[in-house]
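Visitor: Please see the structure below; I have some questions.
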Amino acid sequence: MGRSLSNLLRLAVAVLSLWSVSGCGGGAKHGTPIFPGRIVLTPGVNSSLVLGSTLNFTASVQTASGVNISTPITFSSSDTSVLTLAPNGVACAGHWDINFTACTPGSTGQVTVTASALGANSLPAYVFVHPPIDSITVTGILSGGLPVQEPCLSQSQSMTVEARAFSQGTDITTSVGPFVFSANNSSVVNLIPLVNTAYNFATNQATAKANFPGITQIFASASGVTSSSFQQPQFQNSQATMSPVLDFFETCPIQSIALEVGATGSQQTGQTTFTTSKGVGQTATAVLTDVMGNTSLPNTNGGIVLNRIPLAWTASQPGVLSASSGCLESCGLSTPLPGSGTVTASCSPPTCNIGFPVIPNSISSVLALDPTCAQFSQFFHALYPKFINCQQLIPVPVYADIAISGLITGSTTSASVLATSTGCAPEPPATCSTSVYSLSTARASAGPENPMPVTPNSLLFDLTGEKAFMGSDFGAQVINPANFGTSNSPFTSLGTVTGSVLAASNNGTFAAFSDRIHIPNQVYIVNTANASALSATPLTIPAAVAAAFSPDGLKTFIVGGNTASSLYVYSSQQALKGPIALAGPSNAVAFSPNGAFAFVAESSTSTTSANLTAFATCNNQVAASVPLPANPLFMKVLPGWHIDGRDSLGNIIPDGVHIFVLDATGFDVLTSAISPPAAGTLCPQALTFSPAQRIELGEGTLQPLNFFPSADGSQLYIPSASSASILVYDFGSGAVTGIELIGSATPVTADMSIDAGTLVIAASDGMLHQITTAAGGSDQVQLSFPNVPDYLNPFCTFTPTQGPCTLNMAVVKP
């Protein structure tokens, strides 16, 4: 006993000695705290497990300052009849065997999992154990008995959606726990989970709030299973009739767009044309209306105001009149140069009226039985008078009723020109290389020659003037004119794309090339948005000769076929459409200023007359057709200017959208009026034509190369390969005059500057003639090109069998 007491005293002295050593002395270090600040369990919120499946839990222990502590961790379940855990944190929805390798199903229910270490616990994680899920449904419900606007919700309106899970026909929703909601078109609807406030996690319900116009499906997922159906809530009307089954969620589509110059409510409200000096900006405003009659106009009754709708704003001549980027209901317009152009806005898929071209099954089945969908429409029309027809629910592009037209005045400026030759186009680059000259009309000099990697067969500037697309039989190129004269190459290869360039999109991102040499013939839609990874979509279209992009870029109308008598329509949103038979061969296609219609000029055949046919952009259907007196050669669509003139019969030219169609002896003026679509539809808008008006030039049979209107549309300039004079038709006087080329040269190709102040003519004398249109017009400069070093030719390093390369291509930068 005494010996034991003595030992205890010695132990106490030793411990006190250790404490005194550790508690004093400058060299001592503090040890790691023995209590954790927190334990983080992962997954830490909630999980859903099928009976007999496993889930791996992990945990980390940290001090209060966030420093990790390495220490043993224990995992525990609040109900081991439902969920057990292995020492390493792997959970079994049932019971582990003795080796923790086989998981046997147990009971279903809700448990909590906790991680513990050094006397501290993590926040609990909830686990829901349930039978295997066979299916999940998502339906809208009438929350609190409140009605929901159907068949679509206007922006900012909402409904409650509910997910339910089933196993062998039994509803097991309560044992599944939270669901994850999603939508295939997520910008159409904002899905906000409804939270169980007792546990602070999501339930099987969510608020679906209408966002951008369009159609979508709503999905719910749990335990790796996703729903395959959605249905809006059904309800009874005053006649005790159940509402139709609707298998989609929709933010009400935009039905109409009215453009005006100036802010809404200003003195300019309703005005769609303006004249201003260059450099003086303008403001354009779009007034939007959805199919339920809600608009973007402010109101004082607390009603819905559509806002931040992602419209597509585009300009026909951005170098003269351009729209700011990222515009919504209002858009700033800049006017950098004199000239004329149009600006329009559209609600275009895939960012507005989203879901095109999908038609929900519930709508398509109704239309299959009754194309008027009368009963469907009557049910909702009685509740919502602005809703007329189920066709209003099908997402399509919707275009402004009228585009804004601007005339910008001011002094014209010099033009930038690319000049070259196609003489070696059939020759491989190893045999012949060709040079291009990049020059300005401000200087009477061709400047240095610039060798190209391949010889062009065509050349086209995009409307922004930032790039030129060069077609070639040996590999198409994109040209960056700003790189001429620098150490950076102006040329970017388009890889395997070959052929002639037919058209470029308004924003310059896309271009269409036609390869008529290789079999099968191809049309390539080239995307240049990513300069480091250019891409091209090949389309099997034979012998394509003309194309045009809709202003919004949604569609490309392409004329092809062995006799150029077929129309094809390409869109990234749907499969290639066509061939659509034309009335006759065509070589010209152009869009209306608002983008709602594509005009195709067709020549006569043995059984048909020449025609101008209008196709609705939204559905590719014929909207109108007007006979022409002669085979069309060129066609242009003008801004919506008043033309102060008469036709050859003395009739006044009415106001509207003017289409000029030039043939070998004169031209026709076709005036169209575009109005909103028929009640109850989004597509197409209504199009009517005034009788075609003929203007004879009285110059005999011409060989026109093109024609160019003045900025205000009062004059037409017509270069012809058969005349040394540029014909000028004046609408005011009805007279034809001419601008003579120096040296009696005749035009080979022609182009006009964007301000309509300069005509650039590649002429038969091998020189570039620069013609001013001011003061009646005159041939100001005749520019020659020096021979390429070591060759007796200004463009090529080889003389083809047909003769030396000569100037036959000159394009003006917009």
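We did not get these values from a lab; they are worked out from the coordinates using the rules stated. Here the structure is a predicted model, which means the values were calculated and not measured. So basically every Cβ, Gly included, is an ideal-geometry build from the backbone, and we count neighbours across all protein chains shown.
Visitor: Treating the angle as unsigned and between 0 and 90°, give the value, to the nearest 10°, between the Cα long axis of helix 2-22 and the longest Cα principal axis of the chain.
Guide: Helix 2-22 sits at roughly 20 degrees to that axis.
Visitor: Could you work out how far apart the two model spin labels at Thr540 and Gln236 are, taking each label as a point 7 Å from the Cα in the direction of the beta carbon, and quote it in nm?
Guide: A separation of 5.8 nm, rounded to one decimal place.
Visitor: Something else about it: If you place +1 on the Cβ of every Lys and Arg and -1 on the Cβ of every Asp and Glu, how big does the dipole about the Cα centre of region 619-702 come out, in debye to the nearest 20? List each step's numbers first, then the result.
Guide: Working: 3 positive and 7 negative charges, 45 e Å.
Here the size comes out at about 220 debye.
Visitor: Still on this structure, I have one more. Among Asn651, Asn211, Thr54, whose Cα sits farthest toward the positive end of the charge dipole of the chain (+1 at Cβ of Lys/Arg, -1 at Cβ of Asp/Glu, about the Cα centre)?
Guide: Thr54
Visitor: Classify region 142-267 from the C-alpha gyration tensor, please: rounded if a/c falls under 1.5, else prolate or oblate depending on whether a/b exceeds b/c. Display every interim value, and only then the final one.
Guide: Details: a/c = 2.28, a/b = 1.74, b/c = 1.31.
It is prolate, given that a/c is not under 1.5 and a/b is the larger ratio.
Visitor: PRE reach from His381 (point 7 Å along Cα→Cβ): which of region 141-182 fall under 15 Å by backbone N?
Guide: Under cut-off, by backbone N: 151.
Visitor: In debye, nearest 20: dipole of the chain around its Cα centre with unit charges on the Cβ of K, R (+) and D, E (-)? Please list the in-between numbers first.
Guide: Numbers: 18 positive and 36 negative charges, 564 e Å.
Charge dipole, the chain, about its Cα centre: 2700 debye, nearest 20.
Visitor: Find how many whole Å separate the alpha carbon centroid of region 616-652 from the alpha carbon centroid of region 421-447.
Guide: 37 Å
Visitor: 5 Å is the cut-off here: which amide hydrogens, built 1.01 Å from N in the peptide plane, fall below it relative to Ser566, excluding neighbours closer than 5 in sequence?
Guide: Here the answer is Gly560, Leu582, since their amide H atoms fall under 5 Å of that of Ser566.
Visitor: Under the rule of at least 5 residues apart or a separate chain, name every residue whose amide H is placed under 5 Å from the amide H of Gln317.
Guide: Thr342
Visitor: So what is the relative contact order for the chain, in percent, with contacts set as C-alpha pairs under 8 Å and at least six apart? Write out the running numbers ahead of the final one.
Guide: Details: 2188 pairs, mean separation 59.1, N = 814.
Averaging sequence separation for qualifying contacts and normalising by length gives 7 percent for the chain.
Visitor: Right, another one. Lys/Arg Cβ at +1, Asp/Glu Cβ at -1, dipole of the chain taken about the Cα centre: which of Leu682, Ala623, Pro448 is farthest positive-ward?
Guide: Working it through, the farthest residue towards the positive pole turns out to be Leu682.
Visitor: Pull out a ≥ b ≥ c, the square roots of the eigenvalues of the alpha-carbon gyration tensor of the chain, then state rounded if a/c is under 1.5, prolate if not and a/b is larger than b/c, and oblate in the remaining case.
Guide: Values: a/c = 2.74, a/b = 1.82, b/c = 1.50.
In terms of gyration-tensor shape, prolate.
Visitor: Let me ask another. Could you tell me how far the Cα centroid of region 43-111 sits from the Cα centroid of region 657-729, in Å?
Guide: Centre-to-centre (Cα) distance: 78 Å.
Visitor: Now for a separate question. Tally Lys/Arg at +1 and Asp/Glu at -1 over every other residue whose Cβ is under 12 Å from the Cβ of Val287; what's the total? Please report the intermediate quantities before stating the final value.
Guide: Numbers: positive: none; negative: Glu260, Asp290, Glu329, Asp401.
Net charge around Val287: -4.
Visitor: May I ask for the angle, rounded to the nearest 10°, between helix 374-383 and the longest principal axis of the chain, with both axes built from Cα atoms and the value confined to 0 to 90°?
Guide: 70 degrees
Visitor: While we're here: Report the charge-dipole magnitude of region 72-215 in Debye, nearest 20, computed about the Cα centre from +1 at each Lys and Arg Cβ and -1 at each Asp and Glu Cβ. If you can, show how the numbers build up before the last one.
Guide: Values: 2 positive and 6 negative charges, 54 e Å.
It comes to approximately 260 debye.
Visitor: Then there is this: Along the charge dipole of the chain, Cβ charges K/R +1 and D/E -1, which of Tyr791, Leu142, Ala86 sits furthest on the positive end?
Guide: It is Ala86, whose Cα lies furthest towards the positive end.
Visitor: Lys pairs in the chain, Cα-Cα under 22 Å, at least 8 apart or on separate chains: how many? Don't jump to the answer; show the numbers that get you there.
Guide: Values: Lys209/Lys386; Lys278/Lys813; Lys467/Lys555; Lys467/Lys813; Lys555/Lys577; Lys555/Lys636; Lys636/Lys813.
Summing the qualifying lysine pairs gives 7.
Visitor: Here's something else I'd like to know. Is the shape of region 380-517 rounded, prolate or oblate, going by the alpha carbon gyration tensor and its root eigenvalues a ≥ b ≥ c, with a/c under 1.5 for rounded and a/b larger than b/c for prolate? List each step's numbers first, then the result.
Guide: Working: a/c = 3.79, a/b = 1.86, b/c = 2.04.
Note, shape of region 380-517 comes out oblate.
Visitor: If you take every DSSP beta bridge fully contained in the chain, what fraction is antiparallel? Give it as a percent rounded to 5. Working shown, then result.
Guide: Details: 195 of 210 bridges.
In the chain, DSSP labels about 95 percent of beta bridges as antiparallel.
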